Amino acid sequence: MRFPKPWSKKRGSRLAGRALAGTVGEAAFFAALFLTGVFILALTLAQRFVASDWSPLATGLGFWILVVLAIAMLVVGGTALVLGVLQIGASSERRNAFVRKAEELEIIGKPGAEFPAVPRGVNLTDSPGMRLTYRLPGTVWPGKRLAAAAALALMWNAVWLVLLVVVIAGFWSDRPRWVLTALLFPMAGVGVWVLRHYARCLRETAGVGATIVEIDQHPLQPGGTYRAYVAQLGRMNLRRLRIELVCEEESTFRQGTDIRIDRNRVLSQIILDQYDLTIDPGRPWEQEFDLTIPSEAMHSFRSPHNAVQWKVIVSGEARPWPSFCQSFPVVVQPTTRLPRRSPR
Amino acid sequence: MNLAFCNEDHRYEGGQTMECRWRIHLPAARVASALSVDSEPPVTEDLKPPAIQCVEASVMWYTEGKGDEDFNVHYFQRFGPAEIATMDWSCEHMLKTTLPVSPLSYEGNLLRIRWCVRLRLFLSSGNEIVAQHPFWLTATPLGG
């Protein structure tokens, strides 16, 4: 074990993993801050409006000071929690790129004039790779489930704290609310359960590290062979890690008043299938391999209701974390006598 | 209407120039809406030149399959009443265009991409006659 040396020169590599304990601790702190803010605000309002002789917050601070303090805790705790959730699973470069390109609906881009109905994929090549020329952006943000769990945990416990204040106020003013008091116990159980669920989601999401996919050329062409590199970060044991090259048809159609999307895999080429891997923060799993596009394959295609999409899919069955699946779109252009133009 | 492609197998590579000759035969009478896209009952009428208001010739691709149809016109030419009046119906007309490199013709499960030359006749009665001649747009062979 190496002890940190604050006086030494900062060292490291671009593959440095995220500190799991730090992420979880930070989220727990800001969740506690948010809930404390809810509690203080509810208590202060109850003290002011329920009974004049009721003073559980005998702090000597005025009403407005307590209200401002509670609102500040709510805002700081809530904002930091939301930002923390957003930071999980997305690098700062990617977030920055998303902010700059917020007006673009799709990461794969719109068709160009040179290849009509073929996505240009300019957003796929704006990030240089560490090993190979381009680092491909993924399309799946792993924090959706975490955000939902955080929202549920905070809202449920905020409501519970407000009800607790109402019950305390009732006892204080000699008008106890027995039914509400009895209801608080099962509600507290649910509150603990949703908090534990949130903590579990947080650990899982933070534990499954980023997936990096790089490629030496882009866009691709049918019949071409390209060098690709995949790295999986995090701290986990993987039962299985699979890398696939997938070509998928996508059709959008109306069914009654609904708009439905149907997908069909027309090609699924397993590039790599490995079992029983151990990944440490300091030792990510990485592999370089060849990616061959079949010569008879269809190129990428996009029209308003139909598409043919190519992507590299990295999926893993992990323990103790849940399975993950990251998708990295690539653009396959038709073969042509036109000179190939590097997007960079 | 008949239409002849310059390639007998109706296959063209992306970027290749396509030439096709089309001609409208004017019989005394014809079931006008037999080839019509709309579903109105068949109408029999004289197809003399005054009966034809205008003719549109287009080279286009469209999608077929489970999804809603998409299409895009690559080449479009319209012969209005003035051109129709001076048009020699006994002669063939030439349509020439350089095809794009994409999208290529595709036969998938959910999706098919078709290329075609479409001739649309607008009749003075308000009916339309559409004739569609499919062809294949294929990739340029590697090293070709």
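Shielding of B:106-119 by partners, i.e. mean partner chain Cβ atoms within 10 Å per residue?
Whole-number average of other-chain Cβ neighbours for B:106-119 is 4.
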Checklist entry - Karplus couplings for segment A:235-251 from phi (6.51 cos²θ - 1.76 cosθ + 1.60, θ = phi - 60°), rounded to Hz, Gly and Pro as x? => result 10, 6, 9, 9, 5, 7, 10, 10, 10, 10, 9, 10, 10, 10, 8, 9, 10
Checklist entry - How well do other chains shield peptide A:249-262, expressed as the mean number of their Cβ atoms within 10 Å of each residue Cβ? => result 3
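Would you mind giving the mean number of other chain beta-carbons within 10 Å of the Cβ of each residue in B:63-76, as a whole number?
What the average comes to for B:63-76 is 5.
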Next on the checklist: Just to verify a number: what accessible area does A:Trp160 come out at with the full protein assembly present, 1.4 Å probe, Å² rounded to tens?
Outcome noted: 50 Å²
Checklist entry - Taking the alpha-carbon set of segment A:190-229, what are its Rg and Dmax in Å? => result 19.8, 57
Item to check | Amide H contacts of B:Met18 (H built 1.01 Å from N, under 5 Å, at least 5 apart or other chain) | outcome: B:Thr97, B:Thr98, B:Leu99
Item to check | Solvent accessible area, Å² - A:Arg203, 1.4 Å probe, full protein context | outcome: 110 Å²
Item to check | Backbone HN-Hα couplings from phi across segment A:164-175 [Karplus 6.51/-1.76/1.60, Hz, Gly and Pro as x] | outcome: 4, 5, 4, 5, 4, 4, x, 5, 5, 9, 6, 10
Checklist entry - Which whole number in µm²/s is D for segment A:172-258 by Stokes-Einstein, with the Kirkwood Rh taken over Cα pairs at 25 °C and 0.890 mPa s? => result 124 µm²/s
Checklist entry - Which whole-number percentage describes the relative contact order of segment A:203-245, with Cα contacts under 8 Å and a sequence gap of 6 or more? => result 44 percent
Checklist entry - What FRET efficiency do you get for B:His10 and B:Ala51 if R0 is 35 Å and r is their Cβ-Cβ distance, rounded to the nearest 0.05? => result 0.70
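Classify segment A:194-318: rounded, prolate or oblate, from the alpha-carbon gyration tensor (a ≥ b ≥ c, eigenvalue square roots; a/c under 1.5 rounded; otherwise prolate if a/b is larger than b/c)?
Oblate, because a/c is 1.5 or more while a/b does not exceed b/c.
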Checklist outcome for this item: Residue by residue through segment A:304-310, the couplings from Karplus 6.51 cos²θ - 1.76 cosθ + 1.60 with θ = phi - 60°, in Hz, x for Gly and Pro, are x, 10, 9, 7, 10, 10, 10
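The values are calculated or read from the model by the stated rules, or taken from the named source; none is laboratory data. Remember, predicted model here, so these are calculated numbers, not experimental data. Cβ coordinates were reconstructed from backbone atoms using ideal geometry, including for glycine residues, and neighbour counts include every protein chain displayed. Note: accessible area is taken over every heavy atom of the protein model, side chains too, but ligands, DNA and RNA are not part of it. Shrake-Rupley method; radii C 1.70, N 1.55, O 1.52, S 1.80 Å.
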